[in-house]
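One structure below.
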Amino acid sequence: MSGFDPQWLALREAADHRSRNAELASALNARLALRDAISVFDLGCGTGSNLRAMCELLPAVQSWTLVDNDGALLNAAREALSAWADACETAGDGGLKLKKGTRKLNISFKPFDLNGALAEILDPGADLVTAAAFFDLASPAFIRRLAAEVTQRRAVFYTVLTYNGVQRWTPRRPADNQMTGAFNRHQMSDKGLGPSAGPTAPAQLADQFSICGYSVMEGDSPWRLSAPRDAALIFELAKGHATAVEETGAVDKATIERWLQIGHTGAEIGHTDTLAMPA
Ligand SMILES: C[S@@+](CC[C@H](N)C(=O)[O-])C[C@H]1O[C@@H](n2cnc3c(N)ncnc32)[C@H](O)[C@@H]1O
């Protein structure tokens, strides 16, 4: 499974949803509680997991723009959201009109490479810009550019599950630190948006939004995975880690092979959530 494979995104969705930082989610909900309607932009939306997790936190009428540069993932998002909704119809512009519980959602799907001008995708009237499992892939330059665009619009910014470099594998082995170090270096390679911020992304987000005058809250949202519940996710995660580490050339093949054969029964993978609001 590749990093953006729909099967991989489906496999991680339950862990992603239960790992979100509850305090930040509740602060976001409180900030928006007096509104009846909201316009939301989800960057790097994949198959729409972030929308499914956030729907109940947000006001009754929601207009979502789902942005991704992968057309196949946007198609998968359309299918997954249609199946998830209580009622669903196609809108005139090719988007979807959904009902879920007490919420009404208008969704549009935008194929867009975020290397492009963000003003082309973010409406002047955006109320909330969000993303999940995305910013460790982005470069510090992209984060700076995005913070400038979001704060110009006085929109709220909320992102979850940004990888922060922490890994604890069960059972522990002496090679774990060497593997994590190499993996974190790999995380800082170019993932399509310039050399990635990787595990420094949470700090870069906090700095850039603070510099632009926003109040920033952060909270931990680690994956706490254990078999048998998460056995398939742990297995795929360990495989993905080994592949990334091998690509760095920093750890010899025999060590990587031995590490992969440990038969991991648990993992804690550190993430940070960030909520930034106009003061
Ligand atoms: C790790 S996935 C997260 C997907 C989704 N947010 C979730 O939580 O399941 C990262 C997403 O960012 C998208 N992405 C990566 N680079 C992008 C770019 N330059 N422009 C737009 N989307 C991009 C990928 O296609 C993928 O859907």
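Quick notes on this one:
- Those residues of segment 47-62 which are more than 9 Å from the ligand (Cβ to nearest atom), within 15 Å of the chain's Cα centre (by Cα) and either over 20 Å from Leu122 (Cα atoms) or open to solvent by 40 Å² or more (accessible area, probe 1.4 Å) (or both), in sequence order: Arg52
- Pairs are defined by a Cβ separation below 8 Å, a sequence spacing of at least 6 or placement on different chains, a first member in segment 199-213 that is surrounded by fewer than 16 Cβ atoms within 10 Å (Cβ to Cβ), and a second member that is part of a helix (DSSP H, G or I) and among the hydrophobic types (A, V, I, L, M, F, W, C); the pairs so defined are Ile211/Ala147.
- Test for Ser26: is it part of a strand (DSSP E or B) and either open to solvent by less than 30 Å² (accessible area, probe 1.4 Å) or more than 9 Å from the ligand (Cβ to nearest atom) (or both): no
- Members of segment 226-269 that are of a type in the set (Ser, Thr, Tyr) and farther than 14 Å from Trp8 by Cβ: Ser226, Thr248, Thr255, Thr265
- Taking every residue in segment 63-76 that is modelled with pLDDT of 95 or more and within 6 Å of the ligand (Cβ to nearest atom) and pairing it with any residue that is open to solvent by less than 50 Å² (accessible area, probe 1.4 Å) and assigned to a helix (DSSP H, G or I), at least 6 positions away or on another chain, the pairs with Cβ-Cβ distances below 7 Å are Asp68/Leu74.
- Pairs with Cβ under 9 Å, 6+ apart, first in segment 84-102 and over 24 Å from Glu13 (Cα atoms), second part of a strand (DSSP E or B) and of a type in the set (A, V, I, L, M, F, W, C): Glu89/Leu96; Glu89/Leu98; Thr90/Leu96; Ala91/Ile107; Gly94/Phe109
- Check on Glu218, among the acidic types (Asp, Glu), part of a helix (DSSP H, G or I) and open to solvent by 10 Å² or more (accessible area, probe 1.4 Å): no
- When Lys110, Lys97 are checked against the criterion of being more than 15 Å from the ligand (Cβ to nearest atom) and either within 30 Å of Gly219 (Cβ to Cβ) or of a type outside the set (S, T, N, Q) (or both), Lys97 stands alone in meeting it.
- Filtered residues of segment 221-234 (kept if outside any helix (DSSP H, G or I), of a type outside the set (Phe, Trp, Tyr) and surrounded by 17 or more Cβ atoms within 10 Å (Cβ to Cβ)): Ser221, Pro222, Leu225, Asp230
- Leading residue by the ranking (farthest from Val160 (Cα to Cα)) among those in segment 48-81 that are in contact with a Lys or Arg (Cβ under 9 Å, 6 or more places away or on another chain) and in a loop (DSSP other than H, G, I, E, B): Ala60
- Residues in segment 67-77 that are surrounded by fewer than 20 Cβ atoms within 10 Å (Cβ to Cβ) and in contact with a strand residue (DSSP E or B) (Cβ under 6 Å, 6 or more places away or on another chain): Gly71 alone.
- Leading residue by the ranking (nearest to Trp84 (Cα to Cα)) among those in segment 1-23 that are part of a loop (DSSP other than H, G, I, E, B) and within 9 Å of the ligand (Cβ to nearest atom): Phe4
- Flag for Val166 being more than 25 Å from Glu56 (Cβ to Cβ) and under 17 Å from the mean Cα position of the chain (by Cα): yes
The values are calculated or read from the model by the stated rules, or taken from the named source; none is laboratory data. All values derive from a computational prediction rather than experimental measurement. Reconstructed Cβ throughout: ideal geometry from the backbone, glycine too, with neighbour counts over all protein chains shown. We work out accessible area using only protein heavy atoms, side chains counted, and drop any ligands, DNA or RNA first. Shrake-Rupley method; radii C 1.70, N 1.55, O 1.52, S 1.80 Å.
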